[in-house]
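One structure below.
The values are calculated or read from the model by the stated rules, or taken from the named source; none is laboratory data. If you're wondering where the values come from, they're calculated on a predicted model, not measured in any experiment. Positions of Cβ are backbone-derived with ideal geometry, glycine not excepted, and every protein chain shown enters the neighbour counts. Keep in mind that these areas ignore ligands, DNA and RNA; they rest on the heavy atoms of the full protein, side chains included. Shrake-Rupley method; radii C 1.70, N 1.55, O 1.52, S 1.80 Å.
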Amino acid sequence: MILIKIAIFSDTHFGFGTGKEIENDSYDHAEEAFKLSEDCDLIIVPGDIFDSRVPKQDVLAKALNIFFKAKESSCKTEFIEMKGKDDYKIHPLNKTGIPVIAIAGTHERRGKDVTNPVELMDETGYLINLHGETAIYKKGNETVAVTGISGVPETFAKDVFEKIDPQPEKDATNIFLMHQSVGEYVYTDEKSPGLELEQLPTGFDLIINGHIHWRNQCHIGPKKETLFLLPGSTITTQIRKNEAEKDKGVTIYDTITKTTEFLPLKTQRKVIYNEIRCDNEDIKTIKCKIIEYLSELEKEEFTKKPLLRIKVLGTIQGNNHRIDFSDIMKNYEKHFMLSIKNNLNSEKQAKNKELVAQLIKNTMSIDSMGLKIMKDYADKEKITFDYTHIFDLLAAGNIEAAEIELLKDITDENDR
Ligand SMILES: [Mn+2]
């Protein structure tokens, strides 16, 4: 039985952290991801290969060299056709080694008539970039059809998906690539997703979504027949709790069992997120708490200096919640790339917040208050009338009609 092994990793963000201590991470992590993919038949990278839409030339050069690793394999996967693009001619370099299929992400998005860096890599034969097309590959009797839609602004996502309307191929393993926030999988808290899970194309074996930097997978679709995979980024670009808890790596999917295997990166820099809670403590105690935690953590062994974010929460004594943590950061800069986020509230702030919360809890809108008065009256007098309707009439200033309705209701009641 022949199976096609597909290596999936995303959001390599080449060039992230340029000029900083972590500037080589994006390349080191991606290089290992390619290494872990070397015995696979297909490599898929769903967007944000670059951190910038116009990457610097040295960033591009490094990216091309890393992607070239896939060309060195003696892979037997055969390109069959590109559906949805007339007169398509595959670049000869794209016929050597392991085929790499990609889409552009949010970080590579450019105007319609200008080339984005993923398109540049397509035109030079380093990968195949999809936006609405379907690339079909074969190995032995196994066929894989990959359709992709590049990352689009969330507001247009639904329209673009409806317009392209991706369809699965017959007798093939069908894979769909995208780069969006979907349903509960939202990259930033403020932006609402342009798509719900129910709005994703159906009939695919595997839907792979880049963009979300923490790994996840679940089954979706009317019969839960589609595996929805968030491969996660190969690098941490923002330190957040849910992301720090999950390893970066390569997901291997095989077309026969339709299951995945996760291979974590050994080169990855450890990311630690910790919250320290304070309850009406003074500055000295708070700083001691942080130092105590740091000196414990210092004893652990790390191959690379970890990225560490400490969030200090709760309340501080007195009316000034600002603390200068620079002395602590300086003392530990040899061991950690440390950032301390101060979310403390002074006593006064805490009281104000409590008051606001109380007010919000106790405040009813004028409408609900009016309705409540009517409902209470009806309950007390044991009479039934359509108080929402009456209230609407009163709110609209239609007192006469309200009076007629009310009397009618009460008369009806008495007649019974
Ligand atoms: Mn990204």
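Structure summary
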| quantity | calculated |
| --- | --- |
| Backbone HN-Hα couplings from phi across the stretch 166-182 [Karplus 6.51/-1.76/1.60, Hz, Gly and Pro as x] | x, 10, x, 8, 6, 6, 9, 7, 9, 10, 10, 10, 8, 8, 9, 7, 9 |
| Value of [θ]222 nm, deg cm²/dmol, for the chain, DSSP H segments ≥ 4, -39500 (n - 2.57) each, nearest 500 | -9500 deg cm²/dmol |
| Potential lengthening between Thr259 and Tyr88 on full extension [0.36 nm per residue; Cα-Cα distance subtracted] | 58.3 nm |
| Thr96 versus Lys112: modelled label distance in nm, points set 7 Å from Cα along the beta carbon direction | 3.7 |
| Low-density loop cleavage sites - trypsin sites (Lys or Arg not before Pro) in the stretch 258-302, where at most 14 other Cβ are within 10 Å (DSSP) | Lys258, Lys266, Lys299 |
| Value of relative contact order over the chain, rounded to a whole percent, pairs C-alpha under 8 Å and six or more apart | 12 |
| Charge-dipole axis of the chain as Lys and Arg at +1 and Asp and Glu at -1 on Cβ define it, positive-most pick from Pro201, Val45, Ala172 | Val45 |
| 5 angstrom amide H check on Asn216, placed H, neighbours 5+ away | Leu230, Gly232 |
| Diffusion constant of the stretch 18-66 at 37 °C, which comes from Stokes-Einstein with the Kirkwood Cα-pair radius and 0.692 mPa s, µm²/s | 273 |
| Inter-part distance where the stretch 374-401 and the stretch 313-337 are each reduced to a Cα centre, Å | 58 |
| The chain: angle of helix 154-164 to the longest principal axis, Cα-based, in degrees nearest 10 | 60 |
| Cα coordinate range in the chain, projected on the principal axes (Å, largest first) | 90, 63, 43 |
| In Hz, Karplus ³J(HN,Hα) per residue of the stretch 312-317 (6.51, -1.76, 1.60; θ = phi - 60°; x = Gly, Pro) | 9, 10, x, 10, 10, 4 |
| Out-of-range pairs (alpha-carbon distance over 22 Å; input Lys248/Lys341; Lys163/Lys248; Lys20/Lys304; Lys69/Lys305) | Lys248/Lys341; Lys163/Lys248; Lys69/Lys305 |
| Exceeding the 22 Å Cα-Cα cut-off - candidates Lys284/Lys348; Lys138/Lys223; Lys284/Lys311; Lys289/Lys353; Lys311/Lys348; Lys62/Lys266 | Lys138/Lys223; Lys289/Lys353 |
| The chain - share of DSSP beta bridges that are antiparallel (%, nearest 5) | 40 |
| Charge dipole magnitude, Cβ of K and R +1, D and E -1 - the chain, Cα centre, debye nearest 20 | 1600 |
| Residue-by-residue Karplus 3J(HN,Hα) for the stretch 197-210, coefficients 6.51, -1.76, 1.60, Hz, glycine and proline x | 4, 5, 8, 6, x, 10, x, 9, 6, 9, 10, 10, 10, x |
| Coil-residue trypsin sites (Lys or Arg not before Pro) of the stretch 14-90, DSSP, other Cβ within 10 Å capped at 14 | Lys20, Lys56, Lys76, Lys85, Lys89 |
| Spatial separation of Cα centroids for the stretch 241-283 and the stretch 137-177, in angstrom | 28 |
| Cut-off 12 Å between beta-carbons: net charge of the residues surrounding Thr202, Lys and Arg +1, Asp and Glu -1 | -2 |
| Mean accessible surface per residue for the stretch 169-273, computed with a 1.4 Å probe while every protein chain stays in place, in Å² | 43 |
| Under 5 Å, built H, 5+ apart or other chain: amide partners of Ile80 | Ile136, Tyr137, Lys138 |
| Sites matching GluC sites (Glu not before Pro) across the stretch 1-44 that sit in DSSP coil, with at most 16 neighbouring C-beta atoms within 10 Å | Glu21, Glu23, Glu38 |
| Sites Glu123 and Asn242, calculated FRET efficiency, Cβ-Cβ separation with R0 30 Å, nearest 0.05 | 0.25 |
| Glu133 long-range amide H proximity, modeled H, under 5 Å | Gly148 |
